[in-house]
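This report concerns only the one structure given below.
The values are calculated or read from the model by the stated rules, or taken from the named source; none is laboratory data. Remember, it's a predicted structure, so these values are computed and weren't measured experimentally. Please note: Cβ atoms are built from the backbone with ideal geometry, for glycine as well, and neighbour counts cover all protein chains shown.
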Number of protein chains: 2
Amino acid sequence: MSDLLVRLREGLPEDAVLTDPDVVGAYSHDMASFCEAGVPAAVVMPRTVEQVQHVMRTATELRVPVVPQGARTGLSGAANASEGCVVLSLVRMDRILEINPVDRVAVVEPGVVNAALSRAVNEHGLYYPPDPSSWEECTIGGNIGTASGGLCCVKYGVTAEYVLGLDVVLADGRLFSTGRRTAKGVAGYDLTRLFVGSEGSLGIVVKATLALKPEPPKQLALAAEFPSAAAACDAVCRIMESGHVPSLLELMDRTTLRAVNALTHMGLPESTEALLLAAFDTPDPGADLAAVGELCAAAGASEVVPAEDHAESELLLQARRKALVALEAVTGTTMIDDVCVPRSRLADLLAGTAAIAEKHDLTIGVCAHAGDGNTHPTVCFDPNDEDESRRARESFDEIMGLGLELGGTITGEHGVGVLKKEWLARELGPVGVELQRGIKQVFDPLGLLNPGKLF
Amino acid sequence: MSDLLVRLREGLPEDAVLTDPDVVGAYSHDMASFCEAGVPAAVVMPRTVEQVQHVMRTATELRVPVVPQGARTGLSGAANASEGCVVLSLVRMDRILEINPVDRVAVVEPGVVNAALSRAVNEHGLYYPPDPSSWEECTIGGNIGTASGGLCCVKYGVTAEYVLGLDVVLADGRLFSTGRRTAKGVAGYDLTRLFVGSEGSLGIVVKATLALKPEPPKQLALAAEFPSAAAACDAVCRIMESGHVPSLLELMDRTTLRAVNALTHMGLPESTEALLLAAFDTPDPGADLAAVGELCAAAGASEVVPAEDHAESELLLQARRKALVALEAVTGTTMIDDVCVPRSRLADLLAGTAAIAEKHDLTIGVCAHAGDGNTHPTVCFDPNDEDESRRARESFDEIMGLGLELGGTITGEHGVGVLKKEWLARELGPVGVELQRGIKQVFDPLGLLNPGKLF
């Protein structure tokens with residue numbers, strides 16, 4: 001047994017150190033395509049803060065890299081193992097420690113599953129908004145690491161806006177608290193926010209204090225069909241410009257609609273070029289939907305269908321939630337992009353993406369958190385076709401380039417990981433990269449935490 | 001003329017370099033009591049980014065400290081000059097560069113006055129929520145530097161939540177952009193947020209992209225009188241626990257009410273121990289106020305008076321806005337504390353503050369952003385009375401100690417500056433301070449930016 005395994009086992013229970021090659025192999029990567037992954041030396045699954053500290057102290061002493069992991073539902077390779085690393089899985093630290101309706105906070109361990117937290121706070125009349133597509137599996141720790149978004153963001157914002165305070169085990173094993181449980185606080189630099197989206201490269205989050213909202217009324221949705229993506233984007237701009245605050249504003253293009261129908265037989269309209277879904281969780285959602293329906297019609301919608309009730313609304317949203325899986329079923333594999341542009345440039349991004357698809361002779365379905373300008377152009381390709389794979393990768397990159405040209409970002413909510421690290425440098429520029437590397441150096445001078453990610 | 005002045009003038013217009021001792025003296029400090037301030041070598045007032053870069057390049061070359069300033073309405077000494085420094089006033093960079101209702105953003109220079117921005121965006125049906133008491137004078141750059149709050153935070157959050165992207169001139173004069181203009185974005189560490197509340201110690205903000213909200217309906221308020229501070233705090237907890245989202249939830253104690261009456265002759269009830277003001281900007285504020293009024297009554301309110309209309313609501317809020325000025329008039333000088341606790345501990349903080357006032361035989365009026373648990377215990381004292389001044393300082397510190405004991409923070413919205421730097425170390429602990437200093441070192445290795453603040 002290697003020195004590393006001997007030392008790890010000194011501070012961890014028997015069942016917390018996994019070395020079986022099949023098991024270890026399963027923990028070597030997340031759900032991203034085209035991302036390198038090495039073979040870990042071991043997977044450790046601590047249950048306590050002290051055990052995490054032991055892992056980090058051991059790693060520092062032996063200079064072994066550590067890759068922290070949640071549920072590995074990420075889409076950028078941020079949780080991929082590096083060769084010979086220790087994979088530090090936080091999934092067994094899954095206790096909800098407190099839910100406080102007066103302070104409107106929850107205190108949780110990092111392995112709590114997003115949906116489990118959502119349901120638990122609902123029972124107190126509270127709401128934890130961030131709802132990534134993988135919410136039934138992904139963990140709060142992973143959500144913090146990747147700064148996850150979801151369907152709710154157009155009204156409720158992203159994970160970052162709900163992280164008040166963190167307990168973090170640093171690279172050298174020291175435990176450090178940052179942030180607060182109060183509604184406000186400005187004591188020093190905001191290190192808490194620095195950890196959100198840092199992809200495990202600055203420290204290991206072992207406890208989080210999260211802000212909660214009162215549970216809103218159930219949302220009511222409508223679907224609007226458009227003869228062109230441009231018209232649907234125009235409707236999005238009109239809706240946002242007129243001061244509406246939808247709880248959801250999603251777009252699916254024709255490719256996506258057909259893919260969802262093929263998978264689910266939902267009978268979505270296949271002749272329409274773009275479907276817009278809008279929802280409101282306001283006291284009078286019917287009135288809001290009526291106003292938004294008129295704006296859709298003015299933008300050229302051929303059909304506007306408000307849901308009769310919450311159940312019908314939920315069906316519409318199910319169609320949206322199936323989009324990425326449905327597109328994956330088209331050719332077997334996809335690369336899901338995550339470009340976010342100012343919403344006034346959404347139409348340009350969609351037109352440009354269509355041109356890129358045509359140029360490379362590829363199927364690229366687009367679904368989008370349209371109200372945020374956050375699109376997921378999803379490149380369908382056959383991984384066994386070398387030329388198609390190459391064209392897929394090229395088109396994926398061209399879409400990011402287009403996003404930057406339009407004043408956007410290469411990632412709205414999926415993160416950088418391995419997949420986009422070259423593009424991160426383009427977005428940040430040399431001064432930005434220099435400063436970001438300087439910060440990494442402050443927290444992790446030996447470069448042991450999730451090496452090879454982000455930069 | 002000193003070498004410094006010669007070099008500064010090489011890249012600045014004649015009227016942008018001020019050295020008259022009276023003028024320079026006026027720019028040596030902000031509005032905090034008990035904070036040391038040195039005499040600046042010069043005050044510079046650039047109008048362009050290039051001029052700011054010239055100032056920073058000159059300062060770096062000559063190793064002269066630079067203290068950035070907005071309108072100097074701060075309450076922590078964060079804008080106080082250090083001896084022989086260059087005061088870099090950004091007030092002349094006061095252009096609103098863009099207001100975009102589709103993207104819901106404004107792009108501004110740092111010297112734009114908060115109220116000027118608020119009014120300008122209102123004309124587009126938009127709303128820039130952060131509203132510090134000094135909003136008619138304070139600048140957006142100052143708000144970003146100190147992470148300002150205000151009355152709206154209980155519903156709309158603080159300045160930090162509205163800063164999407166920044167252009168920053170670094171200590172060495174390089175221009176650096178961080179963040180985005182999109183609704184979402186997770187490309188790399190969140191350096192944008194790091195600048196918010198950094199009190200000019202990491203770089204000079206020369207442009208900001210701010211998120212805007214749709215303008216809400218005008219708010220409607222009620223006032224509730226309570227026989228004790230504890231009962232008023234109980235009402236606050238009931239209101240928040242029951243899921244209400246007031247646009248304002250403020251508390252004034254008897255001392256504050258009397259001081260406001262003395263100053264304004266408003267005729268506020270002086271026999272009550274605590275007055276709670278609640279407001280809603282919802283579609284049906286009357287219904288919300290009725291529900292909240294019942295919760296106040298259940299918590300022991302002796303009187304609940306809903307405003308008849310928006311004008312009457314505005315009058316009630318005027319009383320609150322006059323609180324700090326009124327308390328200052330009691331003895332001539334005040335120290336305004338800014339302790340924020342979890343709202344479930346608000347009653348404990350008020351009881352403890354009353355005990356501290358009694359122990360030191362001082363008048364301490366408390367007004368609070370009660371919905372946030374953010375209190376401003378305001379110590380009234382005669383600066384010419386040495387013993388009273390000492391007791392004022394001691395009680396000020398004891399209130400911070402109490403706030404930390406109750407799980408709170410030493411500053412909810414006023415910042416650290418000179419006033420609280422010893423207390424910042426207590427709140428952050430040694431590891432926190434080490435990491436914060438590490439970050440300072442990354443951005444400002446020569447330690448020229450606002451030295452002696454924060455740490």
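Note on the stretch A:198-255: among residues that are under 30 Å from A:G125 (Cα atoms), among the small types (G, A, S) and within 22 Å of the chain's Cα centre (by Cα), the one that is surrounded by the most Cβ atoms within 10 Å (Cβ to Cβ) is A:A208.
Can you find, within the stretch B:261-284, the residue that is farthest from B:I239 (Cα to Cα) among those that are in contact (Cβ under 8 Å) with a residue 24 or more places away in the chain, within 14 Å of chain A (Cβ to nearest Cβ) and surrounded by fewer than 24 Cβ atoms within 10 Å (Cβ to Cβ)? Applying the filter and picking the extreme gives B:P283. Of the residues making up the stretch B:90-104, those that are assigned to a strand (DSSP E or B) and buried (at least 24 other Cβ atoms within 10 Å of the Cβ) number 0. Give me a count of the residues in the stretch B:124-168 that are assigned to a loop (DSSP other than H, G, I, E, B) and within 13 Å of chain A (Cβ to nearest Cβ). Adding up the residues that qualify gives 12. Of all residue pairs spaced 6 or more apart or on separate chains, those with beta-carbon atoms under 9 Å, a first member in the stretch B:289-313 that is under 18 Å from B:D234 (Cβ atoms) and a second member that is hydroxyl-bearing (S, T, Y) and buried (at least 20 other Cβ atoms within 10 Å of the Cβ) are B:S302/B:T272; B:E303/B:T272. Restricting the stretch A:412-432 to residues that are charged (D, E, K, R), facing chain B (nearest Cβ under 9 Å) and within 19 Å of B:G165 (Cα to Cα) leaves a set whose member that is nearest to the chain's Cα centre (by Cα) is A:E413. The residue of the stretch B:8-20 that is surrounded by the most Cβ atoms within 10 Å (Cβ to Cβ), among those that are of a type outside the set (D, E), in contact (Cβ under 8 Å) with a residue 12 or more places away in the chain and part of a helix (DSSP H, G or I), is B:L8. Residues that are more than 14 Å from every other protein chain (Cβ to nearest Cβ) and either among the aromatic types (F, W, Y) or touching a Pro at 6+ places or on another chain (Cβ under 9 Å) (or both) were ranked within the stretch B:285-296; the one that is surrounded by the fewest Cβ atoms within 10 Å (Cβ to Cβ) is B:A290.
I'd like to know if the stretch B:223-245 contains one or more residues that are more than 14 Å from chain A (Cβ to nearest Cβ), of a type outside the set (G, A, S) and in contact with a helix residue (DSSP H, G or I) (Cβ under 7 Å, 6 or more places away or on another chain). Yes, the stretch B:223-245 contains at least one residue that is more than 14 Å from chain A (Cβ to nearest Cβ), of a type outside the set (G, A, S) and in contact with a helix residue (DSSP H, G or I) (Cβ under 7 Å, 6 or more places away or on another chain).
Summed over the stretch B:54-102, the residues that are under 13 Å from B:K453 (Cα atoms), under 16 Å from the mean Cα position of the chain (by Cα) and among the hydroxyl-bearing types (S, T, Y) give a count of 1. Among the residues of the stretch A:72-84, is there at least one that is in a strand (DSSP E or B), aliphatic (A, V, I, L, M), touching a residue at least 40 places away in the same chain (Cβ under 8 Å) and closer than 26 Å to A:T333 by Cβ? For the stretch A:72-84, residues in a strand (DSSP E or B), aliphatic (A, V, I, L, M), touching a residue at least 40 places away in the same chain (Cβ under 8 Å) and closer than 26 Å to A:T333 by Cβ: absent. Filtering the stretch B:237-260 to residues that are farther than 19 Å from B:L362 by Cβ, free of Cβ contacts under 8 Å to residues at least 24 places away in the same chain and part of a helix (DSSP H, G or I) leaves only B:E241.
Within the stretch A:379-404, the set of residues being within 23 Å of the chain's Cα centre (by Cα) and free of Cβ contacts under 8 Å to residues at least 40 places away in the same chain comprises A:E394, A:S395, A:D397, A:G401, A:L404. B:K453 meets all of the listed conditions (1) within 14 Å of another protein chain (Cβ to nearest Cβ); (2) basic (K, R); (3) without any contact (Cβ under 8 Å) to a residue 60 or more places away in the chain but one, namely (3).
Candidates A:A211, A:A187: the one that is in contact (Cβ under 8 Å) with a residue 24 or more places away in the chain and over 24 Å from A:G447 (Cα atoms) is A:A211. Scanning the stretch A:351-374 for residues that are within 14 Å of another protein chain (Cβ to nearest Cβ) and of a type in the set (D, E, K, R) turns up just one, A:D372. Candidates are the residues of the stretch A:134-164 that are of a type outside the set (A, V, I, L, M, F, W, C) and touching a helix residue (DSSP H, G or I) at 6+ places or on another chain (Cβ under 6 Å); the one that is nearest to B:S242 (Cα to Cα) is A:T159. Could you say whether any residue in the stretch A:354-364 is more than 18 Å from the chain's Cα centre (by Cα), in the same structural domain as A:C237 (by TED's automatic domain parsing), within 26 Å of A:E241 (Cβ to Cβ) and small (G, A, S)? There is at least one residue in the stretch A:354-364 that is more than 18 Å from the chain's Cα centre (by Cα), in the same structural domain as A:C237 (by TED's automatic domain parsing), within 26 Å of A:E241 (Cβ to Cβ) and small (G, A, S).
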